[in-house]
Every structure is written in structure tokens, then in C-alpha cells.
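Single-structure report; data block below.
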Amino acid sequence: MYSKKVMDHFMHPRNVGEIKDADGIGEVGNPVCGDLMTFYIKVENNKIKDVKFKTFGCGAAIAVSSMVSELAKGKTIEEAMKVTNKMVVGKLDGLPSQKLHCSNLGADALHKAIKNYLEKKK
Ligand code: FES
């Protein structure tokens, strides 16, 4: 079953939404189920000042997005690049094994948004 933390982040997801003038945007789709996740970041002084996400997916994917957004906020670009999907599952006190694939999107979408930011900066 789902941990209390997963349920909490699913019922009350943090940082849901969109940043209109985002510095970086990353969208990934899950090949297993077709679910979609988009991350928006705002960067200031090399730090992730704000982060928002939109997830069209299952409850686990929403909880994962919410946790990734919390982990990313306030971190430097380098630190945020080190957030892994495994780390996110750990912070959520685990996911049922058949839902582990749902965690694949989270850190990937964040990293993609960061790469998008770095590309734009060039
Ligand atoms: Fe698609 Fe969970 S079932 S991300």
C-alpha cells in the first residue's frame, strides 16, 4: 500500500501549476503508461528560486512530482541535477513495486527543465 507521505503529497500536492515566464521547462512522458509531467523553473543566482509542475498522471506520479518540486526548491543548479528518482522514492518512504515506474518521470523532468535553462542561457 501507499505510505502516509505518498498519500499526503497526492492529496495536497505542493507547487502545482505553471510559471508563465519560466527560465526552463522540461516535459517527459512515461513510455509505460503514457502519463505526462512538465516542470517549470525560475532561476536566480544559480539557485532554483521557484518551481512548479503539471502532471497528467496517476496518484503516485503526482506525489513524485510534488516531492521533486520540494527537493528542488532553493537548491543550486548543480545540487538539483543530483536529485535522483531513487532519492525521491526514498523521501516518499517507498512506492509499491508495481508503481515504481511512476517515479521515473520526476527527476528526469526536473533535469530536463534545468538543461533547457542552461541551453537558453548560452
Ligand atoms: Fe503512469 Fe503512474 S501509471 S506514472
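See the values below:
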{"item": "Using a Förster distance of 30 Å, the FRET efficiency for GLU78-MET1 (Cβ separation, nearest 0.05)", "result": "0.25"}
{"item": "Å² of accessible area per residue within the chain, as computed with a 1.4 Å probe and no ligands counted", "result": "53 Å²"}
{"item": "Those lysines that a straight Cα-Cα span of less than 22 Å connects to LYS20, excepting residues fewer than 8 apart in one chain", "result": "LYS42, LYS47, LYS49, LYS52, LYS54, LYS73, LYS75, LYS112, LYS115, LYS120, LYS121, LYS122"}
{"item": "Förster radius 22 Å - calculated FRET efficiency between GLU44 and GLU18 (Cβ-Cβ, nearest 0.05)", "result": "0.75"}
{"item": "Relative contact order, percent, segment 1-43 [alpha-carbon distance under 8 Å, six or more residues apart]", "result": "35 percent"}
{"item": "Whole-Å semi-axes of the ellipsoid equivalent to the chain (Cα gyration tensor, √5λ, descending)", "result": "23, 14, 12"}
{"item": "Residue-by-residue Karplus 3J(HN,Hα) for segment 52-68, coefficients 6.51, -1.76, 1.60, Hz, glycine and proline x", "result": "9, 9, 10, 10, 9, x, 6, x, 5, 5, 5, 4, 5, 4, 4, 5, 4"}
{"item": "Protein accessible area in the chain, 1.4 Å probe - carbon and sulfur %", "result": "55 percent"}
{"item": "Karplus-derived 3J(HN,Hα), 6.51/-1.76/1.60, for each residue of segment 35-51, Hz, glycine and proline x", "result": "5, 10, 9, 10, 10, 10, 10, 10, 10, 9, 6, 6, 10, 7, 7, 9, 8"}
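The values are calculated or read from the model by the stated rules, or taken from the named source; none is laboratory data. None of these values were measured; they are calculated from a predicted model. All Cβ positions, glycine included, derive from the backbone under ideal geometry; neighbour counts span all protein chains shown. The protein model used for the area step is the full one, side chains on, heavy atoms only, and it has no ligands, DNA or RNA in it. Shrake-Rupley method; radii C 1.70, N 1.55, O 1.52, S 1.80 Å.
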